[in-house]
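Please read the structure below before turning to the comments.
The values are calculated or read from the model by the stated rules, or taken from the named source; none is laboratory data. Note that the structure is a prediction, hence the values are computed from the model and not measured. Don't worry about glycine lacking a Cβ; one is built from the backbone with ideal geometry, like all the others, and counts go over all protein chains shown.
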Amino acid sequence: MERKMIIAKKLFTLLAKEELKDGLEVFLEGWVRGNRDNGSIGFIEFNDGTTFKNIQLVYTSENPNYNNISHIKYASAISVKGKIKLTPTNKQPFEISVDEISLLGDVADDYPLQKKRHSFEFLRDIAYLRPRANTFNALFRVRNALAFAIHKFFQERGFMYVHTPIITTNDAEGAGQSFKVVEDLKHPNDFFNASASLTVSGQLHVEPFALAFRDTYTFGPTFRAEHSNTSRHASEFWMIEPEIAFADLEDDMVLIEEFIKYIISYVLDNCPDEMNFFNTMIEKGVLEKMKHIVNSKFKVMTYTEGVELLKKAVEEGHKFEYNNIEWGMDLQSEHERYLTEVIAKGPMFLIDYPKEIKSFYMKLNPDNKTVAACDLLVPGVGEICGGSQREEDYDKLKERMIAQGNVEILDWYLNLRKYGGCIHSGFGLGFDRLLMYMTGLSNIRDVQPYPRCPGSIKY
Ligand code: 4AD
Ligand code: MG
């Protein structure tokens with residue numbers, strides 16, 4: 001077939017074309033997602049990867065190759081030459097009546113991905129094939145659209161995108177959960193002449209840019225050596241971290257809310273087929289839930305109020321696994337979920353946490369006990385976003401850094417407070433957690449192309 005001679009080669013372009021006419025000749029390359037025939041007419045569900053929905057290819061026994069075509073196996077790679085037939089009353093706007101089909105890549109009998117429902121565990125084990133399965137096809141399309149929407153949101157508002165380093169000497173969160181980077185195990189610090197690790201957050205590296213460009217963001221992979229093997233923790237995940245100057249916690253929360261609503265709306269508008277799929281196959285009602293988010297106001301509650309409500313719940317007989325609620329404790333995910341699911345029944349900010357359980361860089365509140373921090377909690381997932389106003393007072397920050405033991409390695413970070421510093425704030429949104437929330441997929445391993453978790457790194 002004269003591959004180069006035909007105008008449109010991708011379904012994506014064909015579907016976007018406004019004037020499609022009956023009889024238009026097309027040439028396409030893609031994969032068989034189903035093939036059935038009754039001896040005189042046959043149908044191939046065809047997908048070239050550029051759209052979520054399949055297109056139907058129709059072949060008849062008038063085709064001299066009918067018998068060969070009817071034996072083309074599920075998942076084979078093929079090329080097809082045919083003509084558009086408009087089908088305005090069907091799910092898809094057209095089908096293709098086949099003139100010729102060539103088999104480009106046959107499928108061996110041990111192909112593990114069959115045309116049936118497989119368990120998510122099984123699909124994780126064949127991560128190199130699962131992008132072909134409907135759920136993952138939909139998921140990775142949404143993941144792509146969401147990433148684009150993030151850049152679109154910030155670029156439309158004049159935010160500067162900054163590439164913060166992956167290899168670093170700082171442990172931004174101070175939680176001791178970073179992976180070491182060594183070239184020679186026997187001399188771990190020789191390569192950089194310093195102890196290096198993979199970044200847990202780009203925040204400390206993006207703050208200097210906010211103090212030069214005002215509104216900035218970084219969006220990239222981050223790494224955490226957390227041993228907690230849960231469905232919401234990955235060792236490698238993507239985080240969006242905006243940092244804004246001349247902005248306090250209130251401004252930060254306004255940005256978070258506007259940002260999340262914008263990117264969800266973008267996906268609702270641009271991935272309707274995929275979102276419908278999640279709504280029918282993964283979580284009934286997820287579509288309504290997302291539409292509701294876009295139109296609702298996020299609730300706000302202080303940590304202190306939250307703890308009171310949790311205590312009250314326990315008094316009234318609610319059983320948490322960790323039932324000993326007291327002010328100062330780090331909330332467990334079950335507590336966060338109670339607050340967002342039972343109390344707020346939607347997204348909620350929890351603010352003003354005890355300073356002892358939060359990172360050193362957060363601004364101390366006038367009560368000297370709490371810091372100007374906010375976590376955004378959502379039903380089903382818990383924390384998807386954590387932000388704060390940064391401590392801009394040189395002496396107060398220095399005191400916390402001495403206690404943390406990082407004042408030497410991060411002297412430059414402290415210096416920002418004496419070289420034209422100003423109030424500034426920022427947050428980190430867990431990209432993969434947001435995807436879980438938006439699709440209803442309940443395991444972080446199922447929203448990442450190649451998940452890395454404790455004890456598992458097959459691909
Ligand atoms: O709350 P975290 O630790 O905040 C920071 O890293 C700040 N430096 C952000 C900032 O202010 N610039 O992480 C932010 C978010 C969490 O709310 C969560 O959604 C996600 O990152 N996250 C994880 N996602 C998947 N797997 C993990 N192990 C995660 N740890 C955090
Ligand atoms: Mg956090």
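List of remarks:
- Residue in the stretch 108-120 that is among the small types (Gly, Ala, Ser) and closer than 30 Å to Leu268 by Cβ present: yes
- Residue-level analysis places Asp190 outside the set of residues that are within 16 Å of ligand 1 (Cβ to nearest atom) and either under 30 Å from Asn63 (Cα atoms) or among the acidic types (Asp, Glu) (or both).
- Any pair with Cβ under 7 angstrom, 6 or more apart, that starts in the stretch 409-438 at a residue that is among the polar types (S, T, N, Q) and ends at one that is within 16 Å of ligand 2 (Cβ to nearest atom): Ser425/Leu249; Ser425/Asp252; Ser425/Gly387; Ser425/Ser388; Ser425/Gln389; Ser425/Arg390
- Annotation for the stretch 206-218: no member residue is within 28 Å of Tyr459 (Cα to Cα) and surrounded by fewer than 20 Cβ atoms within 10 Å (Cβ to Cβ).
- Out of Lys358, Lys299, Lys345, Lys311, sole residue that is within 13 Å of ligand 1 (Cβ to nearest atom) and surrounded by fewer than 23 Cβ atoms within 10 Å (Cβ to Cβ): Lys358
- Inspection of the stretch 367-382 identifies no residue that is away from ligand 1 (no atom under 16 Å from the Cβ) and touching a Lys or Arg at 6+ places or on another chain (Cβ under 6 Å).
- Candidates Asn35, Asn54, Asn67, Asn47, filtered to the one that is buried (at least 16 other Cβ atoms within 10 Å of the Cβ) and more than 23 Å from Thr13 (Cα to Cα): Asn35
- Selected residue [over 29 Å from Asn144 (Cβ atoms) and part of a loop (DSSP other than H, G, I, E, B)] from Asn63, Asn68: Asn63
- Considering only residues in the stretch 203-260 that are β-branched (Val, Ile, Thr) and under 20 Å from Gly382 (Cα atoms), the one that is farthest from ligand 2 (Cβ to nearest atom) turns out to be Val254.
- Selection from the stretch 356-375 of residues that are within 13 Å of Gly426 (Cα to Cα) and either more than 15 Å from ligand 2 (Cβ to nearest atom) or among the aromatic types (Phe, Trp, Tyr) (or both): Tyr361, Lys363
- Every residue from the stretch 226-258 that is crowded, with 20+ Cβ neighbours inside 10 Å and among the β-branched types (Val, Ile, Thr): Ile240, Ile244, Ile256
- One residue stands out in the stretch 381-400 among those that are in a strand (DSSP E or B) and away from ligand 2 (no atom under 13 Å from the Cβ): the one that is farthest from Gly421 (Cα to Cα), namely Gln389.
- Scanning the stretch 383-404 for residues that are more than 10 Å from ligand 1 (Cβ to nearest atom), in contact (Cβ under 8 Å) with a residue 24 or more places away in the chain and closer than 20 Å to Gly176 by Cα yields Leu397, Arg400, Met401, Ala403, Gln404.
- Considering residues of the stretch 114-173 that are in contact (Cβ under 8 Å) with a residue 12 or more places away in the chain and among the small types (Gly, Ala, Ser) only, the residue farthest from Ser201 (Cα to Cα): Ala133
- Residue satisfying all of: in the stretch 221-256; of a type outside the set (Val, Ile, Thr), touching a residue at least 60 places away in the same chain (Cβ under 8 Å) and in a helix (DSSP H, G or I); nearest to ligand 1 (Cβ to nearest atom) among these: Asp252
- Taken residue by residue, the stretch 320-330 has no member that is of a type outside the set (Lys, Arg), closer than 28 Å to Ile293 by Cβ, within 16 Å of ligand 2 (Cβ to nearest atom) and in contact (Cβ under 8 Å) with a residue 40 or more places away in the chain.
- Check on Leu310, in contact with a helix residue (DSSP H, G or I) (Cβ under 6 Å, 6 or more places away or on another chain) and either polar (S, T, N, Q) or more than 16 Å from ligand 2 (Cβ to nearest atom) (or both): yes
- Out of Val407, Val378, Val447, Val342, sole residue that is more than 15 Å from ligand 2 (Cβ to nearest atom) and under 24 Å from the mean Cα position of the chain (by Cα): Val447
- Test result for Thr370, buried (at least 17 other Cβ atoms within 10 Å of the Cβ), in contact with a strand residue (DSSP E or B) (Cβ under 6 Å, 6 or more places away or on another chain), in contact (Cβ under 8 Å) with a residue 40 or more places away in the chain and of a type in the set (Ser, Thr, Tyr): yes
- The number of residues in the stretch 292-318 that are modelled with pLDDT of 95 or more and under 32 Å from the mean Cα position of the chain (by Cα) comes to 12.
- For Val407, the criteria (1) within 16 Å of ligand 1 (Cβ to nearest atom); (2) outside any helix (DSSP H, G or I); (3) farther than 20 Å from Pro221 by Cα; (4) among the aliphatic types (A, V, I, L, M) hold in every case but one, which is (1).
- Answer from Met281, Met362 - the residue that is under 23 Å from the mean Cα position of the chain (by Cα) and not polar (S, T, N, Q): Met281
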